[in-house]
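Below: one structure, written as structure tokens.
The values are calculated or read from the model by the stated rules, or taken from the named source; none is laboratory data. Here the structure is a predicted model, which is why all the values come from computation and not from measurement. So basically every Cβ, Gly included, is an ideal-geometry build from the backbone, and we count neighbours across all protein chains shown.
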């Protein structure tokens with residue numbers, strides 16, 4: 001059994017029109033929600049042995065806030081190919097994880113993360129998947145339990161969402 005946690009970056013700002021999409025920072029709501037989500041993750045005792053993240057500014061700032069809420073420094077592998085990655089690229093990246101990794105955190109952007117979440121999971125008894133079937137909101141976290149022993153064996157529709165954190169539920 002393997003565990004994959006997915007986190008979409010917190011809400012970003014559109015105030016500076018001269019910035020590239022890659023360089024957009026968080027807005028006030030995003031700066032508030034990232035530590036809140038981190039505290040909730042700590043409360044739920046969520047742990048990661050690897051953090052893979054897009055290097056975009058809003059992801060970096062999300063992870064800074066998340067670390068504050070978690071109360072720990074995160075060791076992060078920023079992978080340029082995760083910025084704007086589509087579902088197929090993300091799925092391949094997950095299947096290429098090393099055997100020594102058991103519970104990674106993947107941090108990035110929609111639509112790729114949302115589509116990956118839908119590809120990996122099936123309906124669950126708690127109805128968690130139904131809550132995000134139309135959209136993975138900013139700063140949302142989904143912990144997926146996958147039956148595969150090895151990452152290369154991960155199959156579509158095999159996982160179940162066991163934890164779902166939506167910032168609107170924390171306010």
Original post:
Are any of the residues in segment 42-57 within 14 Å of the chain's Cα centre (by Cα), in contact (Cβ under 8 Å) with a residue 12 or more places away in the chain and within 12 Å of residue 139 (Cβ to Cβ)?
Top reply: no
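Here's the yes/no breakdown for (1) crowded, with 17+ Cβ neighbours inside 10 Å; (2) part of a strand (DSSP E or B):
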residue	(1), (2)
85	yes, no
98	no, no
105	yes, yes
114	yes, no
149	no, no
161	yes, yes
Original post:
For residue 93, which of the numbered conditions (1) farther than 16 Å from residue 11 by Cβ; (2) assigned to a loop (DSSP other than H, G, I, E, B); (3) touching a residue at least 40 places away in the same chain (Cβ under 8 Å) fails to hold?
Top reply: (2)
**OP:** Check off (1) crowded, with 20+ Cβ neighbours inside 10 Å; (2) under 30 Å from residue 152 (Cβ atoms); (3) in contact with a strand residue (DSSP E or B) (Cβ under 6 Å, 6 or more places away or on another chain) for residue 56 and give me the number that stays unchecked.
**Re:** (3)
Original post:
Are any residues in segment 116-147 under 16 Å from residue 94 (Cα atoms) and buried (at least 21 other Cβ atoms within 10 Å of the Cβ), and if so, which ones?
Top reply: 116, 117, 120, 121, 142, 143, 144
**OP:** Out of the residues in segment 135-147 that are touching a helix residue (DSSP H, G or I) at 6+ places or on another chain (Cβ under 6 Å) and not in a strand (DSSP E or B), state the one that is nearest to residue 26 (Cα to Cα).
**Re:** 139
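Could you tell me whether residue 22 is assigned to a helix (DSSP H, G or I), surrounded by 14 or more Cβ atoms within 10 Å (Cβ to Cβ), over 16 Å from the mean Cα position of the chain (by Cα) and at pLDDT 95 or above?
Values: assigned to a helix (DSSP H, G or I): yes; surrounded by 14 or more Cβ atoms within 10 Å (Cβ to Cβ): yes; over 16 Å from the mean Cα position of the chain (by Cα): yes; at pLDDT 95 or above: yes.
Judged against the criteria, residue 22 is a match.
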**OP:** Report yes if some residue within segment 19-40 is closer than 30 Å to residue 152 by Cα and touching a strand residue (DSSP E or B) at 6+ places or on another chain (Cβ under 7 Å); otherwise report no.
**Re:** yes
Original post:
part of a helix (DSSP H, G or I), more than 17 Å from residue 10 (Cα to Cα) and at pLDDT 95 or above, is that true of residue 42?
Top reply: yes
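Would you be able to tell me the number of residues in segment 62-80 that are surrounded by 12 or more Cβ atoms within 10 Å (Cβ to Cβ) and not in a loop (DSSP other than H, G, I, E, B)?
Of all residues in segment 62-80, those surrounded by 12 or more Cβ atoms within 10 Å (Cβ to Cβ) come to 62-70, 72, 74, 76, 78-79.
Among the residues that remain, those that are also not in a loop (DSSP other than H, G, I, E, B) are: 62-70, 76, 78.
Qualifying residue count for the region: 11.
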